[in-house]
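Working notes, structure below.
The values are calculated or read from the model by the stated rules, or taken from the named source; none is laboratory data. In this text, all values refer to a predicted model and were calculated from it rather than measured experimentally. As a convention, Cβ positions derive from the backbone with ideal geometry for all residues, glycine included, and neighbour counts pool all protein chains shown.
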Amino acid sequence: MEKSSKGKRDKTSARKVVRIPPDTKSVVLGVTGSIAAHKSAELASMLVKQGHEVFVVMTQDATEFISPLTLQTLSKNPVTTSFFDENEQWRPGHIELAVRANRLLLAPATAHIIAELAHGLAGHPLAAIALATRAPILLAPAMNGKMWEHRATQENVEKLRACGVEFIGPEEGMLACGYEGLGRLWKVNDIAFRAEFMLARQDNLIA
C-alpha cells in the first residue's frame, strides 16, 4: 500500500503545473492588414515586457505584412489567424479569448475592421472576439488620410465611441501611400502606455 501511494505521489509531482500570477492581465492584440502591421512586433514585445499575457489575433491580410511566427515568438503564445486554427487543441478558441481578455487592443486598425466592428460583423476571429468580449477596447487606426476623413469612416468611429470603444490616433505625417495627412499609426510607445493606463484605470474602478 505504501509503495503504491509513493508511486502515485511521484507521478503527480512529475507533472508540470503552470500557474498565471493573479495580477497578470491578458491582452488580446489584434493586427489587421495595414503597412503599419510590422509595428505590431514591437508592440507585442512591449506588452510582454509590461508583464502581460499577450495573445495575437491576425486577419488574413495582416499575414501579408508580418508573419504569424514572428508574433508567436514575441508574444510567447500561439497566434490565431482563422477559425480553422481552433481545430488545433493548443490554440485558445476565439470565445475563450474574448472571455479571458482584460483588454482588446487593435493596432493597426484599418478602415475595414472599424466598419466591421461598427456594424457587428463577425466573419473572422478578430471581429468575433470584438463582438463577444466585454473587455474594454482600444483601437489605433492606420490608413490613408482620405479614408480616415471619409464620412463613412467618421460615422463608424462615432458609433464605436458611443459604445465605449476608445481610440488613440491617428497622427498626421507622411503616409506609406506617398501622401501627407492624418492617418499614421500613433507611436508604439504611446499605444502601449495607453493600454497600460486603461488596465490600471479598470483595476481602480473595480476596487
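Looking at the structure I just gave you, is residue 117 closer than 14 Å to residue 30 by Cα, in contact (Cβ under 8 Å) with a residue 40 or more places away in the chain and assigned to a helix (DSSP H, G or I)?
In short, yes.
Any chance you could count how many residues in the stretch 1-54 are surrounded by fewer than 11 Cβ atoms within 10 Å (Cβ to Cβ), charged (D, E, K, R) and either modelled with pLDDT of 95 or more or in a helix (DSSP H, G or I) (or both)?
So the count comes out to 8.
What's the number of the only condition in (1) touching a strand residue (DSSP E or B) at 6+ places or on another chain (Cβ under 9 Å); (2) in contact (Cβ under 8 Å) with a residue 24 or more places away in the chain; (3) farther than 14 Å from residue 30 by Cα; (4) not in a loop (DSSP other than H, G, I, E, B) that residue 95 fails to meet?
Failed condition: (1).
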